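For reference, the structure is listed below as structure tokens.
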Amino acid sequence: MKLYRDFSTQEEIDSEYNIEELVPDRLERVARMAEESARTRESLKGEMDVSYGPTLEETMDIFTAAQPGAPMLLFIHGGYWRSFSNKDFSLVAAGPVARGLTVAVMNYSLCPKVTISEITRQSRAAVAWLHREAREFNGDPAKLFLCGHSAGGQQVGMLAATDWAGDYGLPPDVIRGIVPISGIFDLSPLAYSWLQPKLALNYEIIRRESPLFNIPSNGPPMLISLGENESLEFHRQSAVYLDTWKANGLKAEMLVQPGKNHITAVEDLARPDSELCRVLTAFTTRS
């Protein structure tokens with residue numbers, strides 16, 4: 001019996017999606033990222049632990065551009081919706097801020113305390129709050145972009161599918177572009193994986209929270225990226241999402257990062273002269 005596509009067992013699915021197995025030095029790399037993130041918070045001008053919603057976890061750290069009217073980048077961290085916090089990913093602000101952007105790195109509640117649907121609600125609240133308060137942080141509310149890594153990639157896909165005018169009273173194009181990095185766009189295989197006890201996925205959640213099944217009719221431009229050395233399934237998910245986006249008449253492009261894996265695919269945001277940072281910055285100026 002097939003569980004998902006050509007996969008018949010949990011072990012086969014885990015071999016494609018379990019980052020702990022795919023990146024053997026994951027813990028060491030994550031620890032180094034946390035250290036670099038702490039240095040970033042010390043070196044960049046910003047405001048920490050700004051509340052954007054009613055729960056304790058709904059906070060963001062905002063690193064302010066030097067000049068007013070700057071494009072704004074909201075970053076949503078990964079961790080399969082069940083681990084890490086925004087503090088572990090402050091380093092992603094270093095490159096974009098050096099290139100003239102205001103960067104907000106948001107925190108959110110984790111599974112199994114909440115469902116993925118609640119995380120999506122929190123992310124939507126963060127967008128609405130940041131649009132409203134943009135000028136307080138030298139940002140232009142008409143130039144709001146989203147970037148997310150791994151689980152954060154799923155989140156930015158769902159944010160692009162949101163009815164901002166109908167549900168929030170915001171401009172329908174409040175999001176000017178999205179940059180999912182190493183994202184999960186079809187949650188279906190995870191229901192048969194080691195993650196299921198934490199995520200408690202069911203058919204309704206999978207259909208509602210998979211960006212692949214919620215392509216907007218009038219979505220923003222997309223720059224999708226992942227590491228060259230990621231698993232075949234991560235490459236397939238990104239390729240299918242890209243193709244589906246384009247098939248619906250939406251603008252999209254892909255950047256495969258040479259030599260990068262699922263963890264290191266986000267590291268170059270810390271370096272202003274990296275290809276990822278250059279391409280992302282150019283994306284925010286032409287979208």
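None of D167, D173 is of a type outside the set (A, V, I, L, M), surrounded by fewer than 19 Cβ atoms within 10 Å (Cβ to Cβ) and within 19 Å of the chain's Cα centre (by Cα) except D173. The residues of the range 74-99 that are closer than 17 Å to A151 by Cα and crowded, with 24+ Cβ neighbours inside 10 Å, listed by number, are L74, F75, I76, H77, G78, W81, F89, S90, V92.
Among E16, E11, which is the only one that is surrounded by fewer than 17 Cβ atoms within 10 Å (Cβ to Cβ) and not in a loop (DSSP other than H, G, I, E, B)? Answer to the check: E11.
Within the range 206-225, is there a residue that is of a type in the set (S, T, Y), touching a Ser or Thr at 6+ places or on another chain (Cβ under 8 Å) and assigned to a strand (DSSP E or B)? Yes, some residue in the range 206-225 is of a type in the set (S, T, Y), touching a Ser or Thr at 6+ places or on another chain (Cβ under 8 Å) and assigned to a strand (DSSP E or B).
Yes/no per residue for (1) assigned to a strand (DSSP E or B); (2) within 13 Å of the chain's Cα centre (by Cα); (3) farther than 19 Å from R176 by Cα; (4) not aliphatic (A, V, I, L, M):
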| site | (1), (2), (3), (4) |
| --- | --- |
| V50 | yes, no, yes, no |
| M60 | yes, no, yes, no |
| P68 | no, no, no, yes |
| G79 | no, yes, yes, yes |
| S83 | no, no, yes, yes |
| A94 | no, no, yes, no |
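Of all residues in the range 217-249, those satisfying the criterion of being under 18 Å from P172 (Cα atoms) and surrounded by fewer than 18 Cβ atoms within 10 Å (Cβ to Cβ) are S217, N218, N248, G249.
From the list E35, E42, which one is under 25 Å from N229 (Cβ atoms) and either without any contact (Cβ under 8 Å) to a residue 12 or more places away in the chain or assigned to a loop (DSSP other than H, G, I, E, B) (or both)? Only one candidate qualifies: E35.
Is the range 23-44 home to any residue that is basic (K, R) and closer than 30 Å to H131 by Cα? Yes; the residues of the range 23-44 include at least one that is basic (K, R) and closer than 30 Å to H131 by Cα. Evaluation of G169 against the conditions (1) without any contact (Cβ under 8 Å) to a residue 40 or more places away in the chain; (2) at negative phi shows that the sole unmet condition is (2).
With respect to the stated conditions, T285 is at pLDDT below 95, among the β-branched types (V, I, T) and part of a helix (DSSP H, G or I). Residue count for the range 239-270 under the criterion of being in contact (Cβ under 8 Å) with a residue 24 or more places away in the chain and closer than 27 Å to N18 by Cα: the result is 22. A104 satisfies every condition listed in (1) closer than 19 Å to V50 by Cα; (2) in a helix (DSSP H, G or I) except (2). Looking across the range 37-54, the residues that are under 20 Å from F84 (Cα atoms) and buried (at least 16 other Cβ atoms within 10 Å of the Cβ) come down to S37, T40, R41, V50, Y52, G53.
Within the range 100-118, restricting attention to residues that are buried (at least 23 other Cβ atoms within 10 Å of the Cβ) and hydrophobic (A, V, I, L, M, F, W, C), the residue that is farthest from D140 (Cα to Cα) is I116.
Residues in the range 122-151 that are of a type in the set (K, R) and part of a helix (DSSP H, G or I): R124, R132, R135.
For the range 229-248, indicate whether the set of residues that are outside any helix (DSSP H, G or I) and over 24 Å from A94 (Cβ atoms) is non-empty. Scanning the range 229-248, I find at least one residue that is outside any helix (DSSP H, G or I) and over 24 Å from A94 (Cβ atoms), so the answer is yes.
The values are calculated or read from the model by the stated rules, or taken from the named source; none is laboratory data. Owing to the predicted nature of the structure, the values given are computational and were not obtained by experimental measurement. Here Cβ is always computed from backbone atoms with ideal geometry, including for glycine, and neighbour counts include all displayed protein chains.
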